[in-house]
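For reference, the structure discussed in these notes is given below.
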Amino acid sequence: MEAPIIDPLQGDFPEVIEEYLEHGIMKCIAFNRRGTLLAAGCTDGSCIIWDFETRGVAKELRDKECTAAITSVCWSKYGHRILVSASDKSLILWDVLSGEKIAHTTLQHTVLQACLHPGSSTPSICLACPFSSAPMIVDLNTGSTTALPVLTADVSNGATPLSRNKTSDTSVTYSPCNACFNKHGDLVYAGTSKGEILIIDHKNVRVCAIVLVSGGAVIKNVVFSRNGQYMLTNSNDRLIRIYKNLLPPKDGLKMLDELNESFNESDDVEKLKAIGSKCLELLHEFQDSITRVQWKAPCFSGDGEWVIGGAASRGEHKIYIWDRAGHLVKILEGPKEALMDLAWHPVHPIIISVSLTGLVYIWAKDYTENWSAFAPDFKELEENEEYVEREDEFDLVPETEKVKGLDVHEDDEVDVLTVERDSIFSDSDMSQEELCFLPAVPCLDIPEQQDKCVGSCSKLPDGNHSGSPLSVEAGQNGNASNHNSSPLEPMENSTADDTDGVRLKRKRKPSEKGLELQAEKVKKPVKPLKSSGRLSKTNKPVIDPDSSNGVYGDDGSD
C-alpha cells in the first residue's frame, strides 16, 4: 500500500459481519436520513424496506407494470418518499407510508442512478444519469426532462442542450456520466468521460465552473459527504480522490457569480477552469498500489471521517477503509462473492454491503465484553499485583458524611418532553415531521393451515423443526418410515418388516419342544412390552397353533 496501516484502536469502524439479510435477490441499497430504515432494490422490480432496528421487513413496494431489475434507490430528505430506477428505463416515485405509487415516468435510456432533490421535503424533481445519455433533470409530475451540458463544445458555444421532446439531426454518443446534487440542491456536480468535474446551475442549464482531474480518466462516481464539506470521485485510473468543497454550504451559486465577474479571461473555457480552481481543493488520492484494483461504490461515513471503497474484482468481497488523511485503516474480507453496492450507516459504525448473490451483509464493530465496567470501584488486572492498603482504607466513616459529599438536587424538575436537537441533524427543519419508523402490520394466519401446523409440530422433534411446510411434511414422512426401523443388522431389519405380513415359509410339523414352549406360554401371562418396534437378538421362533408356521417376532407381539 502507499500508506502504512494505522492503529485500528484509534477509530470506531466495523470489523466483522454481524448478520445478513435475505429477501429475493437484492442489488442496491440506501439508508434513510436517520438510519432507521433500509431500502433495497431487487431484480424482480420490487423495493424492500427493512426496519433496521428489528431486522424485519417493514414494507414491500411493488409495481405490476415494472418487473425489471432495480438499478438505484434514493430516499427523500425526510423519508416520506422513495425514488427507484429500473433497467426498463422507468422512474417510479413511491409514498413510503401508504405504499402507493405517486408518479411513473419512462425515459429513452436506461437509468443507472437517480437521486431526488435534497432541498425539498416532498420533492418531485430528480437527477437521472442514463447509460448512454447526458445527465438530466426530470420533473416526475409532468414527465418533462432537461439534459445538462457535459461536453466542452456545448460550454464554449453556449448552446442549450436539446430536451427530450426535441429532435436533433446529428446523434451524439455519450459515455456513462455520473452526477449528484450538492447538499442543498442548488448545484449539480457532474463527472465526464474526459476527466472533468462540471459545476452546473441546473435551473438555468449552464456550466458555472470546470475542475480538471489529473490523468483525464473517466469519472465513474461523484459522492458528497453528509455535511457537504467534502467530495470524492472514483475514476477509471483506479484512484479515489478526496476534494474539499470551498464553496459555502448555502448560496454557492451566488459565490460562483461573484467569481465569474472577478475573472476577465476572453476564453470561456479557460475562465470556467479558473473559477473551478476556487471551488474544489484536492486533498488526497487513495489506491491499492499492489493489486491496482478498480473501485466500486465508494462513499463517506456518517460523520465524514472515514472513506470506504469496494474492490471491483470477481470472487472477492473486500472493503477498504481509509481515514480522511489518506491512511489505510483496515481491509474487510467477506465471502467469496463479488461486491455490488455499499452504504455506511448515518449514525453508527455499521457498513452494509450487497453481494452478487443478492445477500445483504451487515458489518459491525466487534465489541469485547468488559464485566468490570459494571463495578466502577473495581479494576481489571491483566496479572497479579501486590496491593498496598492505604492508611485510612478501613477507617469508619459516618453515613452522614457520605451523603454530604453527594450533590443531589431532589427538588429539581426533570424535563422529559423537550427533545434535544441532534448536532448530526442540525439542518433538520423541526416543523417538518420526519418518517423514522413504519407501523408493524401483522400477517393473518389461515385457520386451516394453522391447525395443520400445530398438529404437525407436535409430531416433529424440536431439533428438526424448521418452520417450513416442506420440512414439516418431510419430517412426518421420516417419522412414519422410521417407526418400524431397527438399528440391528440388515437381516434382522428384513425380519422385522415381515412381522406385519404373512411369511411365505414351508409348512412343517411342530416339534415336541415347541409344543412344550407353547403350553408354558399359555399358563404364564405375558408381560406387556413397549411397542418400540425394535427386535432383540435373543428372539426365538414362536409357533402359531392355527397355521403351524414359524413366525419370528417379539414375545409380547400379538
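Below, the figures for the structure above:
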| quantity | calculated |
| --- | --- |
| Residues that are under 12 Å from Val111 (Cβ atoms) and in contact with a Leu (Cβ under 9 Å, 6 or more places away or on another chain), drawn from the range 74-86 | Cys74, Leu83, Val84, Ser85 |
| Hey, Ile17 under 29 Å from Arg292 (Cα atoms), open to solvent by 50 Å² or more (accessible area, probe 1.4 Å) and at pLDDT below 90 or not | no |
| From Asn264, Asn260, residue being assigned to a helix (DSSP H, G or I), farther than 29 Å from Ile25 by Cα and polar (S, T, N, Q) | Asn260 |
| Residue in the range 242-252 that is farther than 22 Å from Gly304 by Cβ and of a type outside the set (Lys, Arg) present | no |
| Subset of the range 325-336 that is open to solvent by 30 Å² or more (accessible area, probe 1.4 Å) and either at pLDDT below 90 or of a type in the set (A, V, I, L, M, F, W, C) (or both) - its residue that is farthest from Thr357 (Cα to Cα) | Ala325 |
| Residues of the range 284-305 that turn out to be out of contact with any Phe, Trp or Tyr (no Cβ under 6 Å at 6 or more places or on another chain), farther than 18 Å from Ile219 by Cβ and either among the acidic types (Asp, Glu) or surrounded by 21 or more Cβ atoms within 10 Å (Cβ to Cβ) (or both), as a count | 3 |
| Any chance Lys278 is touching a Gly at 6+ places or on another chain (Cβ under 9 Å), surrounded by fewer than 21 Cβ atoms within 10 Å (Cβ to Cβ) and of a type in the set (Lys, Arg) | no |
| Every residue from the range 218-254 that is open to solvent by less than 20 Å² (accessible area, probe 1.4 Å) and at positive phi | Gly228 |
| Sole exception among (1) in contact (Cβ under 8 Å) with a residue 12 or more places away in the chain; (2) open to solvent by 30 Å² or more (accessible area, probe 1.4 Å); (3) under 12 Å from Ala209 (Cβ atoms) for Lys271, by number | (1) |
| Lys250 of a type in the set (Lys, Arg), within 23 Å of Asn32 (Cα to Cα) and outside any helix (DSSP H, G or I) | yes |
| Filter result (modelled with pLDDT under 95 and either in contact with a helix residue (DSSP H, G or I) (Cβ under 8 Å, 6 or more places away or on another chain) or open to solvent by less than 10 Å² (accessible area, probe 1.4 Å) (or both)) within the range 118-128 | Pro123 |
| Residue count for the range 106-117, restricted to those that are in contact (Cβ under 8 Å) with a residue 40 or more places away in the chain, open to solvent by 40 Å² or more (accessible area, probe 1.4 Å) and over 14 Å from Cys28 (Cβ atoms) | 1 |
| Test: residue in the range 97-105 that is open to solvent by less than 10 Å² (accessible area, probe 1.4 Å), in contact with a His (Cβ under 9 Å, 6 or more places away or on another chain) and more than 22 Å from Glu196 (Cβ to Cβ) | no |
| Cys453 being within 43 Å of the chain's Cα centre (by Cα), open to solvent by 100 Å² or more (accessible area, probe 1.4 Å), at pLDDT below 75 and not polar (S, T, N, Q) | no |
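Results for (1) touching a Lys or Arg at 6+ places or on another chain (Cβ under 6 Å); (2) touching a residue at least 24 places away in the same chain (Cβ under 8 Å); (3) within 28 Å of Arg206 (Cβ to Cβ), shown as yes or no for each residue.
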{"site": "Ser262", "(1), (2), (3)": "no, no, yes"}
{"site": "Cys279", "(1), (2), (3)": "no, yes, yes"}
{"site": "His284", "(1), (2), (3)": "no, yes, no"}
{"site": "Ile290", "(1), (2), (3)": "no, yes, no"}
{"site": "Gly310", "(1), (2), (3)": "yes, yes, no"}
{"site": "Asp323", "(1), (2), (3)": "no, yes, no"}
{"site": "Gly326", "(1), (2), (3)": "no, yes, no"}
{"site": "Lys336", "(1), (2), (3)": "no, no, no"}
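The values are calculated or read from the model by the stated rules, or taken from the named source; none is laboratory data. Quick caveat, the model's predicted, so the values are computed rather than measured. In this analysis, Cβ positions are derived from the backbone assuming ideal geometry, glycine residues included, and neighbour counts consider all displayed protein chains. Just so you know, the surface numbers come from the protein's heavy atoms only, side chains and all, with ligands and any DNA or RNA stripped out. Shrake-Rupley method; radii C 1.70, N 1.55, O 1.52, S 1.80 Å.
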